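Enquirer: Got a structure for you, written out below as structure tokens; questions coming shortly.
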Amino acid sequence: MSKWTVRLGIAALLIVAAVAFGARAKGQMYDFNVYLTAGARVVAGETLYRAEDGHWQYKYLPAFAFVIAPLSLLPPVVARAIWFALSIGLLILFINRALVLLPDRRMIARVLVGLTVLAMGKFYVREVGLGQANLLLAVLVLVALDAGRRGRDTLAGVLLAAATIVKPYAIIFLPYLVARRRTRTAAWFVGGMAVALLLPIVRYGVGGNFDLLRGLWQVVTTSTAPNIAGQDNVSIAGMFAAWFGVGQVASRLAIVTAVAALAACAWVLRRRGPGTCPEYLDAAVLLFLMPLLSPQGWDYVLLITTPAIMLLLDRMEGDAVPLRVLLIACLAIVGLSLWDVMGREWYRTFMMTRVVSVCALIELAMVLRLRVVRAA
């Protein structure tokens, strides 16, 4: 693929993105509005976590609101335009990093990227349209992966701490680093998180910071139950809640399944893979676990599984025909089920079957299998 082809493709994408922003996203980006509100509250020294915000409660670390605070000083439409443009840039960078870091690539780059975008495109569109920050999380993780691969452990630890500030479930990388004996990276990770947790003291004082963290805990624990059985929840907990109702049976089954998934991943990741960058599969697996383990794992968060999907597609040619058929079926079910095509009622019925969650678990198992058969 020539440089001019790449440049023209990026230019076309930016033009389409600008048109899309003017047509739709300019007045929407509902999740980004939550960030903006939190940033404005930091500027005013107000509490971040309020029950009266309802569904649109801020559920992230206070430090991330500090990051967004400068944007809250701008006119809302300008702030949304900046975030929209940043999201498009992050999307391009995310796909690029997933491709470049993929070890021992076997498929032609443009074919692999095309198939990946086809499989994951609806999640990219939804992410950018909502103004979410999962792309930022994913890019930080992949850049940290590259830094660690190059022996820049300090930078890797700081980047993973930054990813956790964006989305707290990136903390899953800390036990991985400890198990891998990446002591320096883990230490900088912990140090970065300590700074992030103490940062609000500058604006709110020690007592105010404690109140913020307590408010965060209350928001997260009280908002989980109402959302866990929602149609777009693809987590393991949401899967069982949809099947058995919110209650003890669903909770126990979710815990058993989550523990089993973690144990399987831990067992597989202990095995060192072949190739030039076995950490790629490790990072892909940990990213895949995030939307499945988080009780509020919405379907569009599956976009962070892009490295795993790219790895599966790249290695697909070496699989037996039944496995290839299974992978294609799962990717089609997850990525090509569109609300615009199916309609509101059919889409809701489809999503409440939690077939997307089942397919995601199958895909995760197939990624783990790559390590077992020493294909990655």
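Enquirer: Among the helices of the chain (complete DSSP H runs), which have Cα atoms covering no less than 18 Å along the helix axis and a Kyte-Doolittle mean of at least -1.0? It would help to have the intermediate numbers written out before the result.
Expert: Details: long enough: 3-23 (30 Å, 1.70); 30-44 (21 Å, 0.63); 76-101 (36 Å, 1.92); 109-130 (29 Å, 1.13); 134-149 (23 Å, 1.81); 153-166 (20 Å, 1.87); 183-198 (22 Å, 1.27); 201-228 (35 Å, 0.38); 248-269 (31 Å, 1.78); 279-293 (21 Å, 1.69); 321-335 (21 Å, 2.43); 355-372 (26 Å, 1.97).
Result, helices passing both filters: 3-23, 30-44, 76-101, 109-130, 134-149, 153-166, 183-198, 201-228, 248-269, 279-293, 321-335, 355-372.
Enquirer: Nearest 500 deg cm²/dmol is fine: what mean residue ellipticity at 222 nm does the chain get from its DSSP H runs of n ≥ 4 alone, each adding -39,500 (n - 2.57), divided by its residue count? Before the final figure, lay out each step's value.
Expert: Working: 18 runs with 278 residues, N = 376.
It lands at -24500 deg cm²/dmol.
Enquirer: For the range 201-351, what does the relative contact order come out to in percent, with C-alpha contacts under 8 Å and a separation of six or more? Numbers along the way, then the final one.
Expert: Details: 98 pairs, mean separation 33.8, N = 151.
After rounding, I find 22 percent.
Enquirer: Considering the options Leu253, Ala229, Met193, tell which one lies farthest towards the positive end of the dipole of the range 152-266, charges being +1 on Lys and Arg and -1 on Asp and Glu at the Cβ, about the Cα centre.
Expert: Comparing the listed Cα positions along the dipole, Met193 ranks first.
Enquirer: To continue, here is another question. How far is it, in nm, from the label point at Glu46 to the one at Val259 when both lie 7 Å from their Cα along the line to the Cβ?
Expert: 4.4
Enquirer: For the range 227-278 and the range 75-104, compute the distance between their C-alpha centroids and round to whole Å.
Expert: If we compute the Cα centre of each part, the gap is 28 Å.
Enquirer: In addition: For a label point 7 Å from the Cα of Val372 along Cα→C-beta, name the residues of the range 327-341 whose backbone N is under 16 Å from it.
Expert: 327
Enquirer: Sort by residue number and name the cysteines in the chain that have no neighbouring cysteine Cβ under 4.7 Å.
Expert: When partners are defined as cysteine Cβ atoms under 4.7 Å apart, the chain leaves Cys265, Cys277 without one.
Enquirer: Further, regarding this structure: With r defined as the distance between the Cβ atoms of Trp243 and Ala179 and R0 fixed at 51 Å, what FRET efficiency is calculated, to the nearest 0.05?
Expert: Numbers: r = 33 Å, r/R0 = 0.64.
About 0.95, to the nearest 0.05.
Enquirer: Answer rounded, prolate or oblate for the range 93-240, using the Cα gyration tensor with square roots of eigenvalues a ≥ b ≥ c: rounded when a/c is under 1.5, else prolate when a/b is larger than b/c, else oblate. Don't skip to the answer; put the middle values down first.
Expert: On the way: a/c = 2.16, a/b = 1.23, b/c = 1.76.
Taking the square roots of the gyration eigenvalues as a ≥ b ≥ c, the range 93-240 is oblate.
Enquirer: Here is a further query. Let a ≥ b ≥ c be the square roots of the eigenvalues of the Cα gyration tensor of the range 231-376; is it rounded (a/c under 1.5), or, if not, prolate (a/b larger than b/c) or oblate?
Expert: Taking the square roots of the gyration eigenvalues as a ≥ b ≥ c, the range 231-376 is oblate.
Enquirer: Tell me, how many Å apart are the Cα centres for the range 159-173 and for the range 306-376?
Expert: Using only Cα atoms to place each centre, the spacing works out to 25 Å.
Enquirer: Calculate, in nm to one decimal, what Val117 and Thr221 gain on full extension: separation in residues at 0.36 nm each, minus their alpha carbon distance.
Expert: Numbers: separation 104, 0.36 × 104 = 37.44 nm, distance 3.45 nm.
34.0 nm is the gain from fully extending Val117 to Thr221.
Enquirer: For the chain, what does the relative contact order come out to in percent, with C-alpha contacts under 8 Å and a separation of six or more?
Expert: Details: 460 pairs, mean separation 75.0, N = 376.
Computed over the chain, the figure is 20 percent.
Enquirer: Of the trypsin sites (Lys or Arg not before Pro) in the range 225-324, which ones lie in a loop per DSSP and count no more than 13 other C-beta atoms within 10 Å? Display every interim value, and only then the final one.
Expert: Values: sites: Arg252, Arg270, Arg271, Arg272, Arg315, Arg324; in loops: Arg270, Arg271, Arg272.
Here the sparse-neighbourhood loop sites are Arg270, Arg271, Arg272.
Enquirer: A further question on this structure: Taking square-rooted eigenvalues a ≥ b ≥ c of the alpha carbon gyration tensor, is the range 189-290 rounded, prolate or oblate, where a/c under 1.5 means rounded and, failing that, a/b exceeding b/c means prolate?
Expert: Values: a/c = 2.90, a/b = 1.14, b/c = 2.53.
Note, shape of the range 189-290 comes out oblate.
Enquirer: Something else now. With a point put 7 Å past each Cα toward its Cβ, work out how far Arg324 is from Ala194 in nm, to one decimal.
Expert: Between Arg324 and Ala194, the label points sit 5.3 nm apart.
Every number in this text was worked out from the coordinates using simple rules, so none of it is lab data. Being a predicted model, the structure only gives us computed values, none of them experimental. Quick reminder, even Gly has a Cβ in these numbers, built from the backbone with ideal geometry, and neighbours come from all protein chains shown.
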